[in-house]
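**Student:** I'd like to ask some things about the structure below.
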Amino acid sequence: MLILTCPNCGIAADETELHADGQAHITRHGAGASDDDLEEYLFMRNNPKGVHFERWRHVYGCGKWFHAARCTMTLEVFGTYPAQTLEPPKDLVAKIKKKRPDWEGFVK
Amino acid sequence: MSTRIQTGGRHLDRSKQVHFNWAGKQLTGYGGDTLASALLANGELLVGRSFKYHRARGLIASGAEEPNALVGLGTGAKFEPNQRATTTELFDGLVAKPQNAWPSLAFDVGAINKMMSRFFPAGFYYKTFIHPRFAWKHLFEPIIRKAAGLGAAPTEKDVDRYEYFYAHVDVLIIGGGIAGLASALAAGQAGASVLLVEQTAHFGGRAVVDGVDIDDEPAEIWVEETLAALREMPNVTIRNRTMGAGVYDHGYATVYERINDHLPEMITDHAPNMDAPRHRLWRVRAGRIVTATGAIERPLSFAGNDIPGVMLAGAVRDYLVNYGASVGDRVVIATNNDDAYRSAIALVEAGLDVPVILDARTTADGELPTLAREIGIRVETGKAISSVKGNKHVTGVGICSQAGEGAELEEIKCDAVAMSGGWSPVVHLWSHCGGKLNWDADQSMFRPDPNRPPLGYDGAGFVHVAGTANGYLDAAGVMEDAIKIGKLAAKETGHKPKATKVPSTFSAPENPIEPIWQMPQGMSRKLQMKTFLDYQNDVKVSDVRLAAQEGYQSVEHTKRYTTLGMATDQGKLSNINGLAILADSLNAEIPAVGTTTFRPPYQPISMGAIAGDARGELFKPIRQSPMHHWIDTNGGFWEPVADWRRPYCFQQNGESVGDAVTREILNTRQNVGLLDASTLGKIIVKGPDAGKFLDMMYTNMMSTLKVGRCRYGLMCTENGFLSDDGVVARIDDETFLCHTTSGGSDRIHAWMEEWLQTEWWDWNVYTANVTEQYAQIAVVGPNARKVLEKIGGMDVSADALPFMAFKDGELGGIKARPYRISFSGELSYEIAVPASQGQAFWDMCMEAGAEFGIQPYGTECLHVMRAEKGFIMIGDETDGTVIPQDLGLSWAVSKKKDDFLGKRAQQRSHMVDPKRWRLVGLKSVEPNEVIPDGAYAIDGTVRDNGVKHMIGRITSSYFSPTLNHAIAMGLVENGPERMGDIIDFPTTDGRVIKAEICDPVFLDPEGTRQNV
């Protein structure tokens, strides 16, 4: 059972307090979008073996959504940050890069 | 014959006789016995029948790894199948019975399978029952099902109590042998909070049995002193009878504590002074986990290695030293290592006969073999067992050369065999969460690779392995490793380890093991077929070789094909033997074949412990409306609706459910009905951008709604499919109250929050789920206004409160907000009052309404009335694939708005396809024939794949007492263009129901009843 620290309330929360909701930083394509953009938005997701950025909600806690950077292989958590952003914080990306030199970097 | 000997038995209290019942026989043991040791002491060697061939089986082991001695324990509500005799402590009044044997253990009809074993090779079921196809379902499967299954399921409800325990510690140490104790002491002295658990009743592990000396005294003294020291430490918690069951992500572990399984009073009745639960499942979050779980001895693979009387050499020693019980008077030893000589020496010292030690190695000249020879034991090197003689018990062994093919050189009479194929570290807990193993060729074992541990959230390894589990078979190595690991775990959890002296630890040195995977080396196929690897599932050397021959290369596939290691013991004894045989068959190295995956729990744990307190009312607590109790005591017939209970109907004077529903519908349509609508979700959406936000959430325009007015709205997912519906009321300029379905309140509130927090976080909107703050009561029917006027307090006239309006005021002195909305087509007020006033207002309505014929009604009446009006129900007309346009709700989908959730997806080609099934009403041609819910319509054509072509399906179906006619709603291809057509609905019993396509609004399409 994972532990993720909620960036809003600071609690190191057990996975049972949280709700996972897949890949983070997805661009919404609404009215007027092309078929390709719509498909990308609705259906296409990364499935990396390694560094992944995910959406989580501290559902049985403060109720806030946040993002987590996590290794899907080793379950190492590189960091968590508030959901109100379009991309991961630069210092977090640098931290991951340092730990995983082979990582291609954040790709939207 | 196995018996109790006069001396020995570290755990025994010979002054205390313990009476128990085995297979209907009254037997006696001593205090401190396990069921297994007591059976052995009573000469009960035969303890079970194997699963597949029903072979007679005896005890093989002395601990958790025992595959054979599974018994049914207790009676009635205390009965539990598949309990291990070796881990069951004896108590007065214990009742146990054997499993898999009919009519009795000694004479078992199923043993005929044994005669047939030539015909039951690996994959037998797959190969045999594949043809003819029909026979599987009707002939083979029922017979196999009857024969399958281990033990019998209890028939009564478990009367015992179970609970969870939550703990956070720096260091969890699993295993209370000298390694676990030394690690705990080192970590405890460093100041770390420590939880030390030991699965048996006793600490000290093998060291206290095997004659290890610590600081020049027997290990037992060091164990007692260390335990005493640990108990003095406030930061150390110690639990025996507590097993580390599973290791999970990020330092999470489950620990299984058997609190009173060994206490007789808990079995016979619930003693009031014993308030503890039976089992406790600890859910531990540890900074570091140290597994000091020791090792398990491997059997040797020789023909007849499963005949009762053949036992692991270490187990023979355990029974002798711990319980003063001997497996036999003349015990032949078969080994490939020095450790088994300890058993030989212990047997001779206890006055028993060891006719020969068969050592498969070519030389045996270490300290222990030398000692064995000195005390007069015959030692034969390079020799093996060609076969064990006997059927229900050992009568002798044939001796052969290990290097040969099994030609018998000599037969030796004996009544037991002690075997040792070496030791396998217990790496299960290390491996549960991904810890990797290395093959140690020198010691012929898999041992943990400290460089590839399971990782915690911080990327650091969180499991360490200490002592024998880490691959150290000598006591001095164990002690040094354990102290080092204990200190490391403390350091890594932020503590400062103290400099301590490693106790001088001594055990007799041992020469290297020689890997022996089958005995003799070139055993014939005939011998392979009598050589068991997995005792519980009857998997033999021949089965694994056959699997390899048939092309199985992966150990995981071989496991499933042969069922090797799939029994309840999870292959603890002989998985390594099995994969070594597989490697040999494939001409591969053992590490290249690898191990199967280790999965939690380490040993089976009780279902009760897994459930904990979550039983009965606590299994899933239900939500209750403020009128729940009144409904319960006034004939309410409950049905589950999401987490709520709602009354399906109110039964009066012994009437049937169906009659009650009919009465409620007619009464509501003719007089007035009262509905508890409190379960409807109520979400306040507030802020300067609230209207803009709701325009995105709903398909229709909400920002234009006038204060004081209501509007029915639809919500869709981004895929365009309907997800929820409800009435939105505008409270003031910046405040809306959104009603959701009963099941949708939490989900929709979360949905709104998700968009506000993750997409439009710059919009100034706040939400609050106030579902349980209000009781909502619907007063429905032609007399509804009269009831409210009689209660009085505010003007509820058509002018003051027109249809689709609401007003804040007071009714009968209670703060109230009546909404003029109708889900029935009748004149209707849904009145929200504070939850605490709900029952009072309900009572007021019942009292005031008495003269107008008021009666409460339930959810089925609500459903029928809404279907009569053609109103959709989320979950009936929708199933996650339906868009508003399918349901004739295009009027509620804004064409003016730039965007809303689902708008773009609804424009996809398939969504605008005119052939999509669309909502219509359906009237059965035969007025009383109600079409089954979910029935499909067909047009008589057949598709390419031979299936009847379907053109629609029923989404709601009822008998309408108002119209005295069966009515239904359904989605039909081109339905709205086919008014008046008659279509066919075949039923599962072979009939065809004919129905006419019609407008889904069956009653009062002009709305004259509601708009008064």
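The values are calculated or read from the model by the stated rules, or taken from the named source; none is laboratory data. Keep in mind that what you see is a predicted model, and the values were worked out from it rather than measured. Quick reminder, even Gly has a Cβ in these numbers, built from the backbone with ideal geometry, and neighbours come from all protein chains shown. Note: areas computed on protein heavy atoms with side chains; ligands, DNA, RNA excluded. Shrake-Rupley method; radii C 1.70, N 1.55, O 1.52, S 1.80 Å.
**Student:** When you go through (1) within 36 Å of the chain's Cα centre (by Cα); (2) in contact (Cβ under 8 Å) with a residue 60 or more places away in the chain one by one for B:LEU39, which number turns out not to apply?
**Tutor:** (2)
**Student:** Which of the numbered conditions does B:LEU352 fail, given that it passes all the others? Conditions: (1) in contact (Cβ under 8 Å) with a residue 60 or more places away in the chain; (2) farther than 18 Å from B:SER2 by Cβ.
**Tutor:** (2)
**Student:** A further question follows. Out of B:ALA832, B:ALA840, B:ALA848, which single residue is over 23 Å from B:ALA642 (Cα atoms), in contact with a Lys or Arg (Cβ under 6 Å, 6 or more places away or on another chain) and not in a loop (DSSP other than H, G, I, E, B)?
**Tutor:** Values: B:ALA832 fails: over 23 Å from B:ALA642 (Cα atoms); B:ALA840 fails: in contact with a Lys or Arg (Cβ under 6 Å, 6 or more places away or on another chain).
Of the residues listed, the single one that is over 23 Å from B:ALA642 (Cα atoms), in contact with a Lys or Arg (Cβ under 6 Å, 6 or more places away or on another chain) and not in a loop (DSSP other than H, G, I, E, B) is B:ALA848.
**Student:** Okay, next question. Considering only residues that are β-branched (Val, Ile, Thr) and farther than 17 Å from B:PRO154 by Cβ, which ones fall in the range B:593-622? So that I can check it myself, show each step before the final result.
**Tutor:** Kept after step one, since they are β-branched (Val, Ile, Thr), are these residues of the range B:593-622: B:593, B:595-597, B:605, B:610, B:622.
Within the range B:593-622, B:VAL593, B:THR595, B:THR596, B:THR597, B:ILE622 meet the criteria.
**Student:** Can you confirm whether B:ALA750 is outside any strand (DSSP E or B), more than 14 Å from chain A (Cβ to nearest Cβ), surrounded by fewer than 21 Cβ atoms within 10 Å (Cβ to Cβ) and free of Cβ contacts under 8 Å to residues at least 12 places away in the same chain? Spell out how you get there, then give the answer.
**Tutor:** Numbers: outside any strand (DSSP E or B): yes; more than 14 Å from chain A (Cβ to nearest Cβ): no; surrounded by fewer than 21 Cβ atoms within 10 Å (Cβ to Cβ): yes; free of Cβ contacts under 8 Å to residues at least 12 places away in the same chain: yes.
No; evaluated as a whole, the condition is false for this residue.
**Student:** If you check B:HIS495 against the conditions, is it farther than 30 Å from B:GLN83 by Cβ, assigned to a strand (DSSP E or B), assigned by TED's automatic domain parsing to the domain that holds B:VAL169 and of a type outside the set (Val, Ile, Thr)? Steps first, answer last, please.
**Tutor:** On the way: farther than 30 Å from B:GLN83 by Cβ: yes; assigned to a strand (DSSP E or B): no; assigned by TED's automatic domain parsing to the domain that holds B:VAL169: yes; of a type outside the set (Val, Ile, Thr): yes.
Answer is no for this residue.
**Student:** Here is a further query. Any idea which residue in the range B:712-722 is nearest to the other protein chains (Cβ to nearest Cβ), counting only those that are surrounded by 21 or more Cβ atoms within 10 Å (Cβ to Cβ) and not in a loop (DSSP other than H, G, I, E, B)? Talk me through it step by step, then tell me what you get.
**Tutor:** Quick first cut of the range B:712-722, residues surrounded by 21 or more Cβ atoms within 10 Å (Cβ to Cβ) only: B:713-716, B:720, B:722.
Going one step further and asking which of them are not in a loop (DSSP other than H, G, I, E, B), we end up with B:713-716, B:722.
Numbers: B:GLY713: 18, B:LEU714: 17, B:MET715: 15, B:CYS716: 12, B:LEU722: 16 Å.
For the range B:712-722, the residue satisfying everything is B:CYS716.
**Student:** Right, next: Taking into account only those residues within the range B:367-406 that are in contact with a helix residue (DSSP H, G or I) (Cβ under 8 Å, 6 or more places away or on another chain) and part of a loop (DSSP other than H, G, I, E, B), which is surrounded by the most Cβ atoms within 10 Å (Cβ to Cβ)? Spell out how you get there, then give the answer.
**Tutor:** First, pick out the residues of the range B:367-406 that are in contact with a helix residue (DSSP H, G or I) (Cβ under 8 Å, 6 or more places away or on another chain): B:368-369, B:371-372, B:375-377, B:379, B:386-387, B:406.
Filter once more, keeping what is part of a loop (DSSP other than H, G, I, E, B): B:375-377, B:406.
On the way: B:ILE375: 11, B:GLY376: 8, B:ILE377: 20, B:GLY406: 22.
Selected residue: B:GLY406.
**Student:** With (1) part of a helix (DSSP H, G or I); (2) open to solvent by less than 10 Å² (accessible area, probe 1.4 Å) as the list, and B:ALA77 as the residue in question, which single condition is left unmet?
**Tutor:** Among (1) part of a helix (DSSP H, G or I); (2) open to solvent by less than 10 Å² (accessible area, probe 1.4 Å), B:ALA77 violates only (2).
**Student:** Within the range B:906-914, identify whether any single residue is away from every other protein chain (no Cβ under 14 Å) and surrounded by fewer than 15 Cβ atoms within 10 Å (Cβ to Cβ), and answer yes or no. Before you say what the answer is, go through the steps one by one.
**Tutor:** Looking only at the range B:906-914, we keep the residues that are away from every other protein chain (no Cβ under 14 Å), and these are B:913-914.
Next, only the ones that are surrounded by fewer than 15 Cβ atoms within 10 Å (Cβ to Cβ) stay: B:913-914.
Yes, the range B:906-914 has at least one match.
**Student:** Specify the residue that is nearest to the other protein chains (Cβ to nearest Cβ); the eligible residues are those in the range A:54-77 that are farther than 20 Å from B:TYR248 by Cβ and under 13 Å from the mean Cα position of the chain (by Cα).
**Tutor:** A:TRP65
**Student:** Could you list, in sequence order, the residues of the range B:796-834 that are of a type in the set (D, E, K, R), within 19 Å of B:ILE731 (Cβ to Cβ) and open to solvent by 40 Å² or more (accessible area, probe 1.4 Å)? Break it down into steps so the answer makes sense when it comes.
**Tutor:** The first filter runs over the range B:796-834 and keeps only residues of a type in the set (D, E, K, R), leaving B:799, B:807-808, B:810, B:815, B:817, B:820, B:826, B:830.
Filter once more, keeping what is within 19 Å of B:ILE731 (Cβ to Cβ): B:807-808, B:810, B:815, B:817, B:820, B:830.
B:LYS807, B:ASP808, B:GLU810, B:LYS815, listed by residue number.
**Student:** Identify all residues within the range B:413-432 that are within 20 Å of B:GLY309 (Cα to Cα) and open to solvent by less than 20 Å² (accessible area, probe 1.4 Å); write none if there are none. Give the steps one after another, and end with the answer.
**Tutor:** From the range B:413-432, those within 20 Å of B:GLY309 (Cα to Cα) are B:413-422; that's our starting set.
Residues satisfying the conditions are B:CYS414, B:ALA416, B:VAL417, B:ALA418, B:MET419, B:SER420, B:GLY421, B:GLY422.
**Student:** Shifting gears a bit: Only residues that are of a type in the set (D, E, K, R) and either more than 10 Å from every other protein chain (Cβ to nearest Cβ) or within 17 Å of B:ALA750 (Cβ to Cβ) (or both): list them for the range A:1-21, please.
**Tutor:** Within the range A:1-21, the subset of a type in the set (D, E, K, R) is A:14-15, A:17, A:21.
Residues satisfying the conditions are A:GLU17, A:ASP21.
**Student:** Confirm whether B:THR200 is closer than 30 Å to B:ALA360 by Cα and outside any helix (DSSP H, G or I). Break it down stepwise before answering.
**Tutor:** Details: closer than 30 Å to B:ALA360 by Cα: no; outside any helix (DSSP H, G or I): yes.
In short, no.
**Student:** Considering only the range B:602-677, give the helices (runs of 4 or more DSSP H) lying wholly within it that have at least 2 residues that are buried (at least 22 other Cβ atoms within 10 Å of the Cβ).
**Tutor:** Working: elements: B:607-611, B:628-633, B:657-670.
Once the helices (runs of 4 or more DSSP H) in the range B:602-677 are filtered for at least 2 residues that are buried (at least 22 other Cβ atoms within 10 Å of the Cβ), what remains is B:657-670.
**Student:** Separate question: Condition test on B:HIS54, is it in a loop (DSSP other than H, G, I, E, B), open to solvent by 40 Å² or more (accessible area, probe 1.4 Å) and modelled with pLDDT under 90?
**Tutor:** On the way: in a loop (DSSP other than H, G, I, E, B): yes; open to solvent by 40 Å² or more (accessible area, probe 1.4 Å): no; modelled with pLDDT under 90: yes.
Against the criterion (in a loop (DSSP other than H, G, I, E, B), open to solvent by 40 Å² or more (accessible area, probe 1.4 Å) and modelled with pLDDT under 90), B:HIS54 does not qualify.
**Student:** Is it the case that the range B:530-541 has a residue that's over 21 Å from B:LEU312 (Cα atoms) and not hydroxyl-bearing (Ser, Thr, Tyr)? Give the derivation first.
**Tutor:** Initially, the range B:530-541 is screened for residues over 21 Å from B:LEU312 (Cα atoms), giving none.
No, there is no match, as no residue in the range B:530-541 is over 21 Å from B:LEU312 (Cα atoms) and not hydroxyl-bearing (Ser, Thr, Tyr).
**Student:** Still on this structure, I have one more. Any idea which of B:THR563, B:THR568, B:THR597 is within 30 Å of B:PRO277 (Cα to Cα), open to solvent by 30 Å² or more (accessible area, probe 1.4 Å) and modelled with pLDDT under 90?
**Tutor:** Details: B:THR563 fails: within 30 Å of B:PRO277 (Cα to Cα); B:THR597 fails: within 30 Å of B:PRO277 (Cα to Cα).
The match here is B:THR568.
**Student:** Also: Could you run through the range B:417-432 and say how many residues are assigned to a loop (DSSP other than H, G, I, E, B) and out of contact with any helix residue (DSSP H, G or I) (no Cβ under 6 Å at 6 or more places or on another chain)?
**Tutor:** Initially, the range B:417-432 is screened for residues assigned to a loop (DSSP other than H, G, I, E, B), giving B:421-422, B:426-427.
Restricting the remaining residues to those that are out of contact with any helix residue (DSSP H, G or I) (no Cβ under 6 Å at 6 or more places or on another chain) gives B:421-422, B:427.
Total meeting the criteria: 3.
**Student:** Taking the range B:188-234 as the search range and keeping residues that are under 33 Å from the mean Cα position of the chain (by Cα) and among the polar types (S, T, N, Q), which one is least open to solvent (accessible area, probe 1.4 Å)?
**Tutor:** Step by step, filter the range B:188-234, then rank; the result is B:SER193.
**Student:** Within the range B:443-461, how many residues are part of a loop (DSSP other than H, G, I, E, B), touching a strand residue (DSSP E or B) at 6+ places or on another chain (Cβ under 6 Å) and open to solvent by less than 40 Å² (accessible area, probe 1.4 Å)?
**Tutor:** So in the range B:443-461, the residues part of a loop (DSSP other than H, G, I, E, B) come out as B:443-444, B:449-454, B:456-460.
Checking the rest, the ones that are also touching a strand residue (DSSP E or B) at 6+ places or on another chain (Cβ under 6 Å) come to B:449, B:453-454, B:457.
From what is left, the residues that are open to solvent by less than 40 Å² (accessible area, probe 1.4 Å) are B:449, B:453-454.
Residues that pass the stated criteria total 3.
**Student:** When you go through (1) in a strand (DSSP E or B); (2) within 22 Å of B:ALA835 (Cβ to Cβ); (3) charged (D, E, K, R) one by one for B:ASP725, which number turns out not to apply?
**Tutor:** The one condition B:ASP725 does not meet is (2).
**Student:** Still on this model: For the range B:756-785, how many residues meet the condition of being in contact (Cβ under 8 Å) with a residue 60 or more places away in the chain, within 14 Å of chain A (Cβ to nearest Cβ) and under 39 Å from the mean Cα position of the chain (by Cα)?
**Tutor:** Qualifying residue count, the range B:756-785: 4.
**Student:** I'm trying to understand the selection: among the residues of the range B:786-829, which are in a strand (DSSP E or B) and acidic (Asp, Glu)? Before you say what the answer is, go through the steps one by one.
**Tutor:** Looking only at the range B:786-829, we keep the residues that are in a strand (DSSP E or B), and these are B:805-806, B:809-811, B:814-819, B:828-829.
Hit for the range B:786-829 is B:GLU810, nothing else.
**Student:** Can you pull out the residues in the range B:943-956 that are in contact with a Leu (Cβ under 8 Å, 6 or more places away or on another chain) and either free of Cβ contacts under 8 Å to residues at least 60 places away in the same chain or surrounded by fewer than 21 Cβ atoms within 10 Å (Cβ to Cβ) (or both)?
**Tutor:** B:GLY952, B:ARG953, B:ILE954
**Student:** Identify, please: which residue in the range B:485-521 is among the basic types (Lys, Arg), in contact (Cβ under 8 Å) with a residue 40 or more places away in the chain and open to solvent by 60 Å² or more (accessible area, probe 1.4 Å) and is, among those, nearest to B:GLY459 (Cα to Cα)?
**Tutor:** Residues of the range B:485-521 among the basic types (Lys, Arg): B:487, B:491, B:496, B:498, B:501.
Remaining after also requiring in contact (Cβ under 8 Å) with a residue 40 or more places away in the chain: B:487, B:491, B:496, B:498.
Checking the rest, the ones that are also open to solvent by 60 Å² or more (accessible area, probe 1.4 Å) come to B:491, B:496, B:498.
Numbers: B:LYS491: 16, B:LYS496: 22, B:LYS498: 26 Å.
Among them, the one singled out is B:LYS491.
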